[in-house]
1. Output the residues belonging to the range 246-260 that are of a type in the set (Asp, Glu) and on the phi < 0 side of the Ramachandran plot.
2. If I ask for residues that are over 27 Å from THR259 (Cβ atoms), open to solvent by 60 Å² or more (accessible area, probe 1.4 Å) and either in contact with a strand residue (DSSP E or B) (Cβ under 9 Å, 6 or more places away or on another chain) or in contact (Cβ under 8 Å) with a residue 40 or more places away in the chain (or both), which ones from the range 283-326 would you list?
3. In the range 332-347, which residue that is under 21 Å from the mean Cα position of the chain (by Cα) and open to solvent by 20 Å² or more (accessible area, probe 1.4 Å) is modelled with the lowest pLDDT?
4. On the given criteria, is GLY189 open to solvent by 10 Å² or more (accessible area, probe 1.4 Å) and in contact with a His (Cβ under 7 Å, 6 or more places away or on another chain)?
5. Just to verify a result, which residue in the range 208-218, among those that are in a strand (DSSP E or B) and touching a helix residue (DSSP H, G or I) at 6+ places or on another chain (Cβ under 6 Å), is least open to solvent (accessible area, probe 1.4 Å)?
6. Checking THR142 against (1) out of contact with any strand residue (DSSP E or B) (no Cβ under 8 Å at 6 or more places or on another chain); (2) of a type in the set (Ser, Thr, Tyr); (3) buried (at least 24 other Cβ atoms within 10 Å of the Cβ), which single condition isn't satisfied?
Amino acid sequence: MNKVTQSVLISMLPLMSGSVLANSAVVPKQTPSSPEQIQTVLSGGISGDRWTEGLMYEGVMPMPWLKSAANWFPRTEDVQPEEMRVTFMGTSPMIRPGQMNTSIYVELGNGDNFVFDIGEGSVANYVAAGVALNEIKHVFLTHLHVDHFGGLPYLWMFGTWNGGWHEPLTVHGPSGSEPQYGTQAMVNGMTDMLAWHKDSFSLFPVGSGHDLQVNEFDFRNNGGVVYEENGVKITHWQRSHGKDGSSAYRLDWNDMCFTWTGDGRPTELDIQYAEGCDLFITELQTELVEIGSAVQGVPPFLTRYTIDTHHTPAYGAGYLANAIQPRMFMTTHMSYDPYQTEETVAEVREHWKGPYHFGAPDGIVVNMTKDAVWVREGVLPDYPNSKPPQFDFTNGQLVIPEPPRKQVDIQEQFIRDQHIEPSKYYPEGMMPDMIVEWPVDGDLVVPEEMLPDNLRNSMGANWDLQQKRDEYFDNKTKQQSK
């Protein structure tokens, strides 16, 4: 099989369904066509190195391991060791059923994952995308508008409740011009706001889950390193978003780069720090103020003033992309409405002629390697099964921490005395063995071998996959050292 034929067959893999092939009718055996005839047919329509196809598709192609070239289905594809996958979990400043507030999820082939902004409602899409909330350990906030951090209280409280016991969540974010405007102050206020919730949930296992960590950096330290571990480096720079204390991020790993600017007017700093990045994502506001205001129900002067002081017009987004020259340019934090999509593209194209895709609506997925990048629509179910919490089984145990509080400590006896006796409402034979107190004195420690197989396999899925990833990178290091 020559290289052209081989590349053709590989390119067809994401387009073919195994079930379709398995159910095909058996065709009577015939004399094979000549190799030349086969080659002509199989290579028909495939450019290979014979001609250039597409004005914007150099390096833009589906990978052979994708289950579908058109759609991404949650929990059907593992991120490959040399791959970066980016999912848009929230894509609009104006929350509505089809678009949650802004959030971008980055998964790396080494097993790391990072959340950039966590807008209101976006947590629902993380659940629909098959992400266990206790998998999320690092949230990077671009600024402190509520449409960029509104989902944080839920993530923190319910991520802890459902297995986030052994490693606290870390929130990274900019300082403010004064201490009360910084990320630490926001988290302090949020902690006070959640006092009742935290104490109520202290009846459940908590461990270190409530010990939220904050990494507040100086917003003026352009090019400063926010995070550097496991081959991942994340830097930041200022954005002009009406008030001091707004930042952009750049993530570098495995000779690939992702940038999310957050909100703001286009500046020279964006070009300086994002230049040459593989995947460049910025916000965008289409210049259809009068029409858009009617659709959004916002006075036109307010929309105009908001864009001109806080946001990136579509023309400005295209200008940035042309200066940065990414392999794929994407825009988000935008209203996804049919009446303005073509206008948006036309305005971006005033400056940028390369690969461009909307980072909207919710669920758009980008797969990227050093050689290829591909964008698909994710199919997120409305009523998904939540992924079980994920645990590390290195020590061969599941450790469930003792709850820090007992019900008698936080609830008066009077209201418990008003409980209706359960036997009065449970039908005969239906009353369960109720658990009204923590069943052991101290932590509950379960040896791995005592867990039912389905429980062990579901809660250890990430850990099992990480063993394979570690083996891959160990072998890669050994090969490079020879």
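1. If the condition is that a residue be of a type in the set (Asp, Glu) and on the phi < 0 side of the Ramachandran plot, then ASP252 is the only one that fits.
2. The answer is ILE291, VAL295.
3. SER335
4. Here the answer is no, as GLY189 does not meet what is asked.
5. Selected residue: VAL214.
6. Every listed condition holds for THR142 apart from (1).
Every residue, every condition in (1) open to solvent by less than 20 Å² (accessible area, probe 1.4 Å); (2) among the basic types (Lys, Arg); (3) at pLDDT 95 or above, yes or no:
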residue: MET193; (1), (2), (3): no, no, yes
residue: TRP196; (1), (2), (3): no, no, yes
residue: GLU228; (1), (2), (3): no, no, yes
residue: TRP237; (1), (2), (3): yes, no, yes
residue: ASP244; (1), (2), (3): no, no, yes
residue: ASP255; (1), (2), (3): no, no, yes
residue: THR261; (1), (2), (3): yes, no, yes
residue: ARG265; (1), (2), (3): no, yes, yes
residue: LEU269; (1), (2), (3): no, no, yes
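Rundown of residues vs (1) more than 25 Å from ARG405 (Cβ to Cβ); (2) more than 33 Å from the chain's Cα centre (by Cα), yes/no style:
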site	(1), (2)
MET430	yes, yes
GLU437	no, yes
ASN454	yes, no
SER458	yes, no
LEU465	yes, no
ASP470	yes, no
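The values are calculated or read from the model by the stated rules, or taken from the named source; none is laboratory data. Predicted model, so just to flag it, every value in this text is computed and none were measured. Positions of Cβ are backbone-derived with ideal geometry, glycine not excepted, and every protein chain shown enters the neighbour counts. Quick note on the areas: whole protein, heavy atoms, side chains included, nothing else; ligands and nucleic acids left out. Shrake-Rupley method; radii C 1.70, N 1.55, O 1.52, S 1.80 Å.
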